[in-house]
Structures are given as C-alpha cells and as structure tokens.
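Read through the structure below, which is laid out as structure tokens, and then see the notes.
Rule-based calculations on the coordinates, nothing more; no lab input. None of the values given here were measured: they were computed from a predicted structure. Virtual Cβ from ideal backbone geometry, glycine too; neighbours counted across all protein chains shown.
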Amino acid sequence: MEVFQLILCIIGVVVFSSFVSRFIPKVSTPLVQIAMGAIITQVPGFPNASLNPELFMVLFIAPLLYLEAHEIDKSELLKSLKLSLSLAIGLAIATMVAVGVVVHAVWPSVTLAAALALGAALGPTDAVAVSSLGKEASLSLRQLGVLKGESLFNDASGIVGFQFAIAAAITGEFAIGRAAGEFALSFIGGAVYGLVIALLANWLFETVRSLGWETTTTRILMELFLPFMLYLTAEELHVSGILAVVASGLFVRFDRTGIGPNVARTNIVSSSVWGVLSFSLNGAVFILLGMQLPKAMSASWDDPGVSNVRLSIVILLVSLVVVTMRFLWVAGMLRLARDVNTGKRRKMTPARWRSAAVMTFGGAKGTITLSLMFTIPFTVTWG
C-alpha cells in the first residue's frame, strides 16, 4: 500500500510541477521538479522512496530510450552519423577513463572501478535537454542533429560501460581482455536482436492492420509492451538490453505506414499516450532525484571521515575534466572533419571555436545520467 501511495504522490507532484513551470518560464521544468522532490521529503508522513536498480532500468530507461530512438530525425541522423558516433563512443570512453583516473588519483580510497563507473555515468547527454537548449541557444540544424544523434548512441555506450565498471567495483575483478570481448558481444548482440525484433514487430503490426484486426486499444498496448519486453528478453540472452531498445526504436516503422481515418486516429492517440508517458517518466526521475538529494548529500557532507574541502575540490575537478574533455574533443573533431564541398580540412576560425563551445555546453546531462546515479550501490558486500 505504501508503494501505491508513493506512486500516486509522485504522479501528483509531476502534474503540479507542470503548472508551476508555467509561472516561472525562465527556470527549466526539471529544476522545478528536483526542488519539489527535495521539499516533499520534509512533509511528515511522506512515504520513503527506494527502487531496485534493475527495476529502475526497466521502468524508466527502456521506454524513454525507445521513444527517443523512434522519434529522432533519421535523415539528419544519417548526415551527422560519423560525428555523432565519435562523440557517443569515442568521447564517452575518453570521459569515462579521464574521470576515473583523476578521481582515483585525487581520492585513492575510491577504487578505480568505482571512479570509472562515475565517469561512465557522466558521459550520456540528454535529447530532451538538447532540444530545450536548441530553442533557447539558437543551435543550427547541423549542431542539433549531431547532439541529438550523440545523445541517442552515448546512452547505450555509457550504460554498457557503467554496468561493466559497477560489476568490477562490486566483484573486485576486472579483466580487460574479457571485458572488451563481453562489451563487443553485448553491443553487437543487442543491436542485432533489436533489429530482428523491430522487423518482426513491423511485420506483425502491418499484418494485423491489413487484416482489419487492429484497434486503437490493442495497438497502443502492444506498442507500450514492446520496449519492456525487448529489454527483459535481451538481458536474459546476455546481450545489451539498451542497444536492443535503441536499435528497435530506430527501425520500427509500422506507425508510418497505412492510410485512412482509422489509422490516422490511432496514430494521433498513440502519439498522445507516448507524450504523456514520456513526460511522466522524465518528471518522476527528477522528482525521485530531488527526494534522494538531501539524504545523499548529507551522507557524505556530515560524515566526519570525509573531508568536505576535498569533496568540493573533487566535484569541481570532475566538472572541469568533463567540460574540458568535451571541448577539446569537439574542437579536434571540427578540425579533422572535411568540408562537404571541397573535401579539405578547414582551419579553426573564431566562428568554429564558438561552435565548439556551443556544442560543448549543448551536450547537457539529463535523465539517463541521473538514472545511472540511482543504481550505484552505496556499499559493497564487504563494506
């Protein structure tokens, strides 16, 4: 009963936050939701929130990533695929290693595996945040396309890297060769599995529609069922559930086919349902974060065994490493990229340096990073 009450309370706060945001348009809705989450924990009798990490990944990550992959502009994604993959995989791995090495060097009691997990969690960017920034910062279509593509793929690379680092931190064992092999198998296997399921889903939905069996209710229920089923079955097969969800979201196209008033009405209702679900899940993540913040911060800040000065320095240092790594990577990428018309590399002009700065701060962190932070264990089995 307490869990049900918690769910109702969180949904109520998500709804209330949407009204509050209308009166303070200069403050982003996620920040409002974080603040409200921190406030409601002070209300007497408010139920405590604790989520199983696996449940959190299935409940929040799977549907959000599926929707993000499905709605991305495929033509823009193809145009900027190389640049997006460079940021999503190359920069994500470089950030994970850089943050891990720096944190472990500055604070040796934090194991290298745990520090790498922190770096992996700080890698993913958020497509929703990128879209919001694009409206306010006047990002070009090219920049927006690169950042959205990056946010889609680095969710997968960051989460897989995070899972391996956490496993190493908990077990105390990390074999590079074995980890690399498992990483590749997980990546490729997850992508192939997601593609196969997407093709089967396309065939099934289109067949049901052609036979006249499709109804709005069954179609939407099947759509909502797909990402959860994909993630769970992929994990059972020991391949990446995240990659499976992303690959399937990219190739599912049944809602783009068919004509007629019934199909159009079903597509409109489906879009509305997904919009509500996306806003609710995103809002729930930020409210849960706000609920956890006071306890999470006080656990370290009030601990006499932890130096608050060192803690503050490490936070600033990690932020600096993440921003600097991103700026240098983007600048190098712009310098090496060849002009579409001439095929030659272009020099870095003030305008191109400015573009590098915009793309550096345009890669905002969001739901995925926060969700990963929730799954980091506070202690391991041996204390």
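Figures for the structure shown
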{"quantity": "Extension gain (nm, one decimal) between VAL196 and SER18, 0.36 nm per residue minus Cα-Cα", "calculated": "60.3 nm"}
{"quantity": "³J(HN,Hα) computed for each position of the range 2-7 - Karplus, 6.51 cos²θ - 1.76 cosθ + 1.60, integer Hz, glycine/proline x", "calculated": "5, 5, 4, 5, 4, 4"}
{"quantity": "For ILE287, ILE166, order by how many other beta-carbon atoms lie within 10 Å, fewest first", "calculated": "ILE166, ILE287"}
{"quantity": "Chain lengthening between ASP302 and SER270 when straightened (0.36 nm per residue, less Cα-Cα)", "calculated": "6.7 nm"}
{"quantity": "Value of Rg/Rh across the range 204-346 [Cα atoms, Kirkwood radius]", "calculated": "1.15"}
{"quantity": "Global geometry of the range 52-122, whether rounded, prolate or oblate, following the gyration tensor of its Cα atoms and the 1.5 cut on a/c", "calculated": "oblate"}
{"quantity": "Sorted by Cβ neighbour density within 10 Å, fewest at the top, the residues TRP329, TRP301, TRP107", "calculated": "TRP301, TRP107, TRP329"}
{"quantity": "Label-point gap, in nm, between LEU237 and SER75 - each point 7 angstrom along Cα→Cβ", "calculated": "3.2 nm"}
{"quantity": "10 Å-binned pair-distance histogram of the range 11-131 (Cα, whole percent)", "calculated": "10, 24, 33, 27, 5, 0"}
{"quantity": "Note, ³J(HN,Hα) from phi for the range 98-108, Karplus 6.51, -1.76, 1.60, rounded to Hz, x at Gly and Pro", "calculated": "4, 5, x, 5, 5, 5, 5, 5, 6, 10, x"}
{"quantity": "Under Karplus coefficients 6.51, -1.76 and 1.60, residue-wise ³J(HN,Hα) of the range 207-221 in Hz, glycine/proline x", "calculated": "5, 4, 5, 5, 7, x, 8, 6, 10, 4, 5, 5, 4, 5, 4"}
{"quantity": "Per-residue Cβ neighbour rank within 10 angstrom, fewest leading, SER280, SER28, SER80", "calculated": "SER280, SER28, SER80"}
